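Bear in mind these aren't lab numbers, they're just calculated from the coordinates by the rules spelled out. What you see is a predicted model; the values in this text were computed from it and never measured. Cβ placement follows ideal geometry from the backbone for every residue including glycine, while neighbour counts extend to all protein chains displayed.
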Amino acid sequence: MKILYNGDSWCWGYSLDDRDDRYAVQLSKRLGAEYTDLSLHGGSNRRIVRTTIEHDVSQYDLGIICMTFKNRTEFYLNGKWEKVNPGRGNGKMFVDYYMNYYEEEYGHTDEMIYRQAIIDHFAVNNTNLLLLTVAKDSKFDYDLFLNKPDIPLGETMHPTKVGHQIITHRIYETLIEMGKVEIQNVETEKRRPFHL
């Protein structure tokens, strides 16, 4: 099995002492899967879609894509992509953008567009998709909302090692419920598809 991951700092494993504790690594080990992780801390939904589409998702059995907060974006300047989010530069870097230009309706529309682009891209490439989000206030449907009160967060408001363990378990259980992974039959040691 080959899995493609993409997302923001929650997927990337920001603030973990060992990034191998992040859910992308832990879930891949649990499934015995090869994986590619395109995630980046501070990224936007625009970046997630851009870097996912640049990849050949048809080479994967499953995509696990975790969308982020709708108020983030990016722009290209002087040969590199610049992240735009309220936390950059201790909140001072893009104050003018958020005070004078950004509106919630713009954020909702962006989330709708980028969410649908991911869904359609995986569908047209016949690759299974598990679509997650860390946004708490989304009005759209996702397979799993990660940012729940029972996920332990550290000082930087990112999941702790235990938080990633809980997320790994929830993703695994969701995949089983959706019939997108095989489970191990402990008695026979044979792998079998699990379907509802």
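Straight-line reach from residue 139: which aspartates and glutamates have a Cα under 20 Å away, not including same-chain ones fewer than 8 places off?
Counting by Cα, and skipping residues close in sequence, residue 139 has these aspartates and glutamates nearby: 8, 103, 104, 105, 110, 111, 120.
If you build the Cα gyration tensor of the chain and take the root of 5 times each eigenvalue, what three semi-axes come out, in whole angstrom, biggest first?
30, 19, 15
Just order 86-94, 69-77 by mean Cβ neighbour count inside 10 Å, highest at the front, would you?
69-77, 86-94
Of the candidates 19, 115, 46, which one comes out as most mobile in a Gaussian network treatment of the chain with C-alpha springs shorter than 10 Å?
Per the Cα network of the chain with a 10 Å cutoff, 19 tops the list.
Given only helices, namely DSSP H runs of n ≥ 4 each adding -39500 (n - 2.57), what is the per-residue ellipticity at 222 nm of the chain, to the nearest 500 deg cm²/dmol?
Result for the chain: -10000 deg cm²/dmol, rounded to the nearest 500.
Restricted to Cα positions, what overall size does the stretch 46-93 have along the principal axes? Three whole-Å values, descending.
The principal-axis extents, from largest down, are 41, 25, 13 Å.
Rounded to the nearest 0.05, what FRET efficiency do residue 75 and residue 55 give with R0 = 25 Å and r taken as the Cβ-Cβ distance? Could you check?
0.70
State the extension gain, in nm to one decimal, for the chain segment bounded by residue 30 and residue 156, taking 0.36 nm per residue of separation less the distance between their alpha-carbons.
Using 0.36 nm per residue and subtracting the Cα-Cα distance, I get 42.7 nm.
For the pairs 92/148; 2/70; 29/180, note any where the Cα-Cα span goes beyond 21 Å.
Going by Cα-Cα distance, 92/148; 2/70 fall outside the 21 Å limit.
Just to check, using Stokes-Einstein with a Kirkwood Rh over alpha carbon pairs, what's the diffusion coefficient of the stretch 88-150 at 4 °C and 1.567 mPa s in µm²/s?
93 µm²/s
Can you list residues from other chains, or at least 5 along the same chain, whose modelled amide H is less than 5 Å from the amide H of residue 42?
Here the answer is 9, since their amide H atoms fall under 5 Å of that of residue 42.
Between helix 104-124 and the chain, what is the angle of the helix's C-alpha long axis to the longest principal axis, kept within 0 to 90° and rounded to the nearest 10?
Its long axis makes an angle of about 30 degrees.
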